[in-house]
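Working notes for the structure below.
Each reported figure results from applying straightforward, stated rules to the coordinates on display, with no laboratory input. Fair warning: this is a prediction, and the values are worked out from it, not measured in the lab. Here the Cβ is made from the backbone with ideal geometry for all residues, glycine too, and neighbour counts use every protein chain on show.
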Amino acid sequence: MVLSLTAQNALRPKRVLIKAGSVALTAASLAMVAGAFLAPWLASQDSTLAPHFYRFYGHICHQNPSRTPLFFGHPAAACGRCLGIYLGFLAGCLLLLFRNPLRAKPPRPWAFILVSLPLGLDVLANALRVWDLGNWFRLATGLAWGFILPFYALSGLVDLVLGKLAIRGRFRIE
């Protein structure tokens, strides 16, 4: 498909947003993963910064000691499932970044449901005390679910920014 010069110029802001969004998501994801592992290292060094990391992650994770792996002799800042989600999200972001993010489209809904089912069933079964398959299973389901999320996040981020630009009259969505 050959685009006219006008159509190519119209797509330029979207291309820039997709590339910038992919870099931004990867950087944010890397920071989340690093912080989760930095907290126990800081705690092992008796740093006064460690409690701040644990407090930050405590807002998004239950940090249940029995479900949180140990690193450097101290619990990670997030439980096994959350660590899996962060690591999976980072892996998905890296795939988007090193694969052409301009061609990336969110997976079909059935794919999202397929990777969400094991995580959802495990959460429900744990809550109802039906089973407890351990941290490795939590990590694995978190990895799978986290891996698919960047594809949706990038698409949503680009649509959000383009929508804001369209509202301000700086860009026309076609």
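Residues in region 136-166 that are over 18 Å from Leu95 (Cα atoms), among the polar types (S, T, N, Q) and surrounded by fewer than 18 Cβ atoms within 10 Å (Cβ to Cβ): none. Restricting the first member to region 61-77 and to residues that are farther than 16 Å from Pro51 by Cβ and without any contact (Cβ under 8 Å) to a residue 40 or more places away in the chain, and the second to residues that are assigned to a loop (DSSP other than H, G, I, E, B) and not aromatic (Phe, Trp, Tyr), the beta-carbon pairs closer than 8 Å and six or more apart or on different chains are His62/Cys79; Asn64/Cys79; Leu70/Ala76. For Gln63, the criteria (1) on the phi > 0 side of the Ramachandran plot; (2) in a helix (DSSP H, G or I) hold in every case but one, which is (2). Looking across region 39-56 at every residue that is touching a residue at least 24 places away in the same chain (Cβ under 8 Å) and within 19 Å of Phe89 (Cβ to Cβ), the one that is surrounded by the fewest Cβ atoms within 10 Å (Cβ to Cβ) is identified as Phe53.
Residues in region 66-108 that are part of a loop (DSSP other than H, G, I, E, B) and either surrounded by 13 or more Cβ atoms within 10 Å (Cβ to Cβ) or in contact with a Phe, Trp or Tyr (Cβ under 8 Å, 6 or more places away or on another chain) (or both): Thr68, Pro69, Phe72, Ala76, Ala77, Ala78, Cys79, Ala104, Lys105, Pro106, Pro107.
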